[in-house]
Amino acid sequence: MTTIDKKTSASGATSATGAPLLEVRDLHVEFHTRDGVAKAINGVSYSVEAGETLAVLGESGSGKSVTAQAIMGILDMPPGRIPKGEILFHGEDMLTMSAEERRKIRGRRIAMIFQDALSALNPVLSVGYQLGEMYRVHLGLSRKEAKARAIELMDRVKIPAAAARVNDYPHQFSGGMRQRIMIAMAMALEPDLIIADEPTTALDVTVQAQVMDLLAELQREENMGLILITHDLGVVADVADKIAVMYAGRIVEQSPIHELYKRPAHPYTRGLLDSIPRLDQKGQELYAIKGLPPNLMKIPPGCAFNPRCPKARDICRTEVPALVPVTEQDGGELPGRGSACHFWKETIHG
Ligand SMILES: Nc1ncnc2c1ncn2[C@@H]1O[C@H](COP(=O)(O)OP(=O)(O)OP(=O)(O)O)[C@@H](O)[C@H]1O
Ligand SMILES: [Mg+2]
């Protein structure tokens, strides 16, 4: 397969089949451990188009990374199991593909960027060698050609003096520069989709913003789809198009990004927004959502958030709320918005 036919199939917002670039449908993942079955993912559905950035937000343990691992096909199985669901890439279900077909997609057409560049890079090989390896292994380029491409890539992710630094080792770069190298590695084979799992969490705030801006810029230029996993709403505000908020392995709210900030439609999202520090509230005590995320081996009946929810009533303790479309008070459409709260109306309009 050449990169040429890939580009034509991914040129528009949707492929020739009219399918989104990536569509996760009703995904379930469980982990069978000695202590019991942890229901990590309980019916996640989301989609990403070419040129679009989806932010996935949620507390630690909500299932953001496990969903990404299922998409990449790097889930630990066992103990992991996927009892139900589909992961459609250009309309084709990757869960039913052969291992061989799957391997052709991984790294080439869907690439992943991890939080910790230092552990993802090999400490005893130069960054130029590691970047070049992508081209030698996948495209069969010579060492010399691969090195030239590695320098181009380092330039592309704005590493100063790339040609002079191509033979340096990972530990010789700063955290921000290393994360740029990870981005370069993910971009090397011009994937259709990049999944970035907390790509800037280990960096300090100013460097975070620079790396995020770079990622957004490259994504726009290449018309790639981007899934940006984070537990920090502040980091994704300027770069994401839409957002999915996860809680206990489900999507509890989805929305175009800016509308979510203005009018959250789920008490959990409201809690997350209220716990962001704001400059105009300096000195005031910061709000924190009370309680802890649920034990995934015994998720509470009804809405999983109910024990922590300030609005919880009887129905919340018995009936699992479905993710339903959110509308204006007069029934007017709010495209792309959904909430899995029995009381979304009073949450958004109240
Ligand atoms: N290999 C595994 N074996 C058992 N349980 C696992 C395994 N991998 C993940 N889990 C469980 O699945 C749940 C979801 O984990 P996941 O890593 O997706 O959370 P997350 O939302 O990415 O959190 P964080 O913000 O901390 O990265 C967690 O409770 C985790 O303990
Ligand atoms: Mg994670």
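Derivation of every value follows stated rules applied to the coordinates shown; laboratory data play no part. What you see is a predicted model; the values in this text were computed from it and never measured. Please note: Cβ atoms are built from the backbone with ideal geometry, for glycine as well, and neighbour counts cover all protein chains shown.
Between V37 and I315, what length in nm is gained on full extension when 0.36 nm per residue of separation is reduced by their alpha carbon distance?
Going from the current span to full extension adds 97.5 nm.
What nm value, rounded to one decimal, do you get for the distance between L334 and E190 when each label is placed 7 Å out toward the C-beta?
The two pseudo-label positions are separated by 4.0 nm.
Taking θ = phi - 60°, what integer Hz values does the Karplus form 6.51 cos²θ - 1.76 cosθ + 1.60 yield along the range 129-144, in sequence order, with x for Gly and Pro?
5, 5, 5, x, 4, 4, 6, 5, 6, 7, 10, x, 6, 6, 4, 5
From the Cα gyration tensor of the range 56-99, with a ≥ b ≥ c the square roots of its eigenvalues, which class applies: rounded if a/c is under 1.5, or else prolate if a/b is larger than b/c, or else oblate?
Oblate is the answer for the range 56-99, as a/c is 1.5 or above yet b/c matches or exceeds a/b.
What nm distance separates the two modelled labels at A163 and E217, each placed 7 Å from Cα along Cα→Cβ?
Placing both labels 7 Å beyond Cα along the Cβ direction yields 2.1 nm.
Quick check: from the Cα gyration tensor, does the range 127-233 come out rounded (a/c under 1.5), prolate or oblate?
The shape class here is oblate.
Rounded if a/c is under 1.5, else prolate if a/b is larger than b/c, else oblate: which is the range 225-348, with a ≥ b ≥ c the root eigenvalues of its Cα gyration tensor?
Rounded is the answer for the range 225-348, as its axis ratio a/c remains below 1.5.
Of the listed peptides 75-84, 224-233, what is their order by residue-averaged count of other C-beta atoms within 10 Å, with the highest listed first? It would help to have the intermediate numbers written out before the result.
Working: 75-84: 13.9, 224-233: 22.3.
With the highest mean Cβ count within 10 Å placed first, the list reads 224-233, 75-84.
What does the extension gain come out to for V324 and D116, with contour length at 0.36 nm per residue minus their alpha carbon separation?
71.3 nm
Each residue of the range 60-66 in turn: what ³J(HN,Hα) in whole Hz from Karplus with 6.51, -1.76, 1.60 and θ = phi - 60°, glycine and Pro shown as x?
4, x, 6, x, 5, 6, 4
Past the 24 Å Cα-Cα mark, which pairs from K39/K290; K104/K158; K262/K345? Don't skip to the end; give the middle numbers.
On the way: K39/K290 22 Å; K104/K158 29 Å; K262/K345 15 Å.
In this structure, K104/K158 exceed 24 Å between Cα atoms.
So if R0 is 30 Å, what FRET efficiency would E86 and L125 give, r being the distance between their Cβ atoms, rounded to the nearest 0.05? Can you show the working numbers first?
On the way: r = 38 Å, r/R0 = 1.26.
The computed FRET efficiency comes out at 0.20.
Roughly how many nanometres apart are two label points built 7 Å out from the Cα toward the Cβ at Q172 and Q210?
Calculated label separation equals 1.9 nm.
Let me understand the chain better: what is its radius of gyration from the alpha carbons, and its Dmax, in angstrom?
Rg and Dmax of the chain, Cα atoms, are 21.1, 68 Å.
Roughly what % antiparallel, to the nearest 5, for the DSSP beta bridges in the range 6-240?
55
Take each of the peptides 211-217, 57-63, average the number of other beta-carbon atoms within 10 Å over its residues, and list them starting from the highest. Walk me through the numbers on the way to the answer.
Working: 211-217: 19.0, 57-63: 20.6.
Order by mean packing, descending: 57-63, 211-217.
Going by how many other beta carbons lie within 10 Å of each one, how would you line up R108, R263, fewest first?
By the 10 Å Cβ count, ascending, the order reads R263, R108.
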